[in-house]
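Working notes, beginning with the structure itself.
None of the figures in this text is laboratory data; all of them are computed from the coordinates on show. Remember, it's a predicted structure, so these values are computed and weren't measured experimentally. Virtual Cβ from ideal backbone geometry, glycine too; neighbours counted across all protein chains shown.
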Amino acid sequence: MLILTRRLGEAITIGKDVKLTVLSIKGNQVRIGVDAPKEVSIQRSELIEKKDSDEYSDKAEVQKSADK
């Protein structure tokens, strides 16, 4: 994992098309602006993890039903 330090107003560029900018810092929260093309999917990690967990649970339930 690459770890970078940025200050308020500073940015990080990923590839040619994605730019992350530190917009504000309040306590332990950081607001980040993301500038990317529309075709780039941007999601919070916890939502992806929850979705993956829910899908795994659904598959387990289907398997239990099929085993009966």
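How would Arg6, Arg44, Arg31 line up from fewest to most surrounding beta-carbon atoms within 10 angstrom? Before the final figure, lay out the partial values.
Numbers: Arg6 14, Arg44 8, Arg31 11.
Going from sparsest to densest Cβ surroundings: Arg44, Arg31, Arg6.
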Provide the per-residue ³J(HN,Hα) series for the range 40-53, in order, calculated from phi with Karplus coefficients 6.51, -1.76, 1.60 and θ = phi - 60°, each as a whole number of Hz, with x at glycine and proline positions. 8, 7, 10, 9, 6, 4, 5, 6, 5, 4, 5, 4, 4, 5
From the backbone phi of the range 24-38, what are the Karplus-calculated ³J(HN,Hα) couplings (6.51 cos²θ - 1.76 cosθ + 1.60, θ = phi - 60°) in whole Hz, Gly and Pro given as x? 7, 9, 9, x, 9, 10, 10, 8, 10, x, 10, 10, 8, x, 4
